[in-house]
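Structure, as structure tokens:
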């Protein structure tokens, strides 16, 4: 704790991508920033490891570059299921698959360069009027930021653990040593679960299965997806299978007094959207602006605005997961309406307004579904 006797302006609990994004954005506003985390870098977390174009744009705003030599570009998204396939390219730019540890290291280097201070392996036990209790000492600070994930202690201690909406699913991730066979992020739809596959390097892919069943495991689910099973046949699994909970949840408030939440601590969208990290990066920039003016209420307003589109897209995609009749009809109708799929992807990454996506995506798809049903 040496060197911290004078405290800090901003104390961030959580040193993952969300916390590092907040730290970088705050340092760019001139604040002294201290990040504390119980882990040691680079921090691993099971996730799909695909960054959409809007996420890469938000990273560039923070001065973070994903290393091209340790990642892999993808041009869009492909849905597969019920013997059909449809894909679309992003309206502009490309996405990039990157191992979570590689992303964390790139962000850590940028934060260090920006002048952020760190306490790794730290035990935060309390927040109070004087500051934050960490490793048995109190660090004084003006602002406290909770970026400590879905099970946030800061959220609970600040009295912000009240939800408007909450739904959980369960994901299991595995990497395979195999050259990517696709230039898209692929989502394989089946009864009760989905696989999504992201190329993360020139010789490796990341595969994740997500379902509502906490007992469903990777190998058990894979047998119901023969095309994907064939793709992975003969390849080598890299590392251990990792699991985590993915949640769609909205909090009533993300600020109280001098405490603010961001990232999964502040609410989240289901991992199938691929928008979790993008939200965290955008929230970090919004939070830094609010801190600069000393008005956290402005962050609350902007946080709700940022959550609106991804939350809507998450509910649309989860409706396909929940209702088999809807999923089958939509997947059979998409190939006949590729422009509708393109419009929905554009809306997903924020390049098309909800009203425009309704006219160009939802309505044409719905009409085609009716035609297919009565054919």
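Side notes on the structure shown:
- Value of relative contact order over the chain, rounded to a whole percent, pairs C-alpha under 8 Å and six or more apart: 21 percent
- With 10 Å bins from 0: P(r) over the range 253-375, alpha-carbon pairs, percent: 13, 36, 27, 16, 8, 1, 0
- Highest GNM mean-square fluctuation among 120, 181, 189, for the chain modelled with Cα contacts below 10 Å: 181.
- Most fluctuating residue given options 108, 363, 56, as computed from a GNM of the chain linking Cα atoms under 10 Å: 363
- The chain: most fluctuating residue of 104, 348, 223 per GNM, C-alpha cutoff 10 Å: 223
- Between residue 44 and residue 326, the modelled labels are 3.6 nm apart [label points 7 Å from Cα along Cα→Cβ].
- Hull-based mean projected area of the range 324-374, where the convex hull spans the alpha carbons, in square nanometres: 3.3 nm²
- Residue-span extension gain [residue 217 to residue 181] - 0.36 nm each, minus C-alpha spacing: 10.6 nm
- Distance-filtered residues of the range 61-98 - backbone nitrogen under 14 Å, label point 7 angstrom along residue 339 Cα→Cβ: none
- Counting DSSP beta bridges with both ends in the chain, the antiparallel % (nearest 5): 75 percent
- Linear extension gain, residue 235 paired with residue 202, 0.36 nm per residue minus alpha-carbon span: 10.5 nm
- Axis of helix 100-114 versus longest Cα principal axis of the chain: the two differ by about 30°, to the nearest ten degrees.
- In the range 134-189, the C-alpha radius of gyration followed by the widest Cα-Cα span (Dmax) gives 19.6, 52 angstrom.
- Options (1) 88, 59, 37; (2) 70, 47, 46; (3) 73, 45, 37 - which one matches Cα extents along the principal axes in Å as calculated here: (3)
- Relative contact order, percent, the range 271-340 [alpha-carbon distance under 8 Å, six or more residues apart]: 28 percent
- Helix-only mean residue ellipticity at 222 nm for the chain, each DSSP H run of n ≥ 4 adding -39500 (n - 2.57), per residue, nearest 500: -11000 deg cm²/dmol
- The angle between the Cα long axis of helix 276-293 and the longest principal axis of the Cα atoms of the chain comes to about 30 degrees, rounded to the nearest 10.
- On Cα atoms only, tilt of 338-348 relative to the major axis of the chain in degrees: 10 degrees
- Förster radius 30 Å - calculated FRET efficiency between residue 94 and residue 293 (Cβ-Cβ, nearest 0.05): 0.30
- For the range 39-148, taking the reciprocal of the average inverse distance between every pair of different Cα atoms yields a Kirkwood hydrodynamic radius of 17.0 Å.
Values quoted throughout were computed directly from the atomic coordinates according to the rules given, and no laboratory measurement underlies them. Because the structure is predicted, anything quoted here is derived from the model rather than measured. Virtual Cβ from ideal backbone geometry, glycine too; neighbours counted across all protein chains shown.
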